[in-house]
Amino acid sequence: MDLPSIQLTHEFEPIPPDFHCGASGQPFQTCIACERHLLQDGVSYLVEKAVRFYPQDGMLDTVLEYAMCVPCAQQMREELSVESRSKIDAYFSEHVDLVARREALLSLPNPLQLENWLSHCIVTGTPREACKEYQIYAQCEGKDLLYTYMPYMISGEAMEEIQRLISPHTRQILDDFMDTHFGLPPELRALLQDRLILI
């Protein structure tokens, strides 16, 4: 997406638990792709988590999570088909005004309250608590979470619409990434198929 660049002044805070690694309870240490150490000043990276609600026990569970440095994320995005990138960008341009959203959130009395940024799907407007599954995204630098156009939440419903836009080539790239980096059981592999989207 072609968005205006942001010059941050005070729009950052130490990475909150929502974007910590579930296994360690601490911020992610390394890039999933190149293993670059992330918690150094000046190192920019993205964090993605996929969460699912299990009604039988009333529990939310993180079923996928990772951090990836910005250079690796850009490289992977370039490997996706031009068709897929164009369709995804057009989808977001049609459904989301990220510039207006950021301005509105930063105008609130407590602008850096993470819950406000993750409370609703940025595409459908569905409240997070009403989603059976959703994904959250953040941009971080070193030990800080940055309030840029992220963080945001995307509902499972919107993710299904997005995955219908991607080409077979892009689907294969994403599936190969999942196979390489996540040893998921078949039931979760089927659940998360095509859910990984580097936005």
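The values are calculated or read from the model by the stated rules, or taken from the named source; none is laboratory data. Computed from a predicted model, the values in this text were never measured in an experiment. So basically every Cβ, Gly included, is an ideal-geometry build from the backbone, and we count neighbours across all protein chains shown. Each accessible area value is taken on the protein alone, full model and side chains, heavy atoms only, with ligands, DNA and RNA left out. Shrake-Rupley method; radii C 1.70, N 1.55, O 1.52, S 1.80 Å.
A few points about this structure:
- Evaluation of residue 139 against (1) open to solvent by 10 Å² or more (accessible area, probe 1.4 Å); (2) farther than 30 Å from residue 40 by Cα; (3) not hydroxyl-bearing (Ser, Thr, Tyr) (one fails), failing number: (2)
- Residue ID - surrounded by the fewest Cβ atoms within 10 Å (Cβ to Cβ), chosen from residues in region 33-63 that are assigned to a strand (DSSP E or B) and among the small types (Gly, Ala, Ser): 44
- Enumeration of residues in region 12-63 that are touching a residue at least 12 places away in the same chain (Cβ under 8 Å) and at positive phi: 42
- The listed residue being under 25 Å from residue 11 (Cα atoms) and at pLDDT below 95, out of 93, 86, 81: 93
- Residue check, residue 2 open to solvent by less than 100 Å² (accessible area, probe 1.4 Å), among the acidic types (Asp, Glu) and at pLDDT below 90: no
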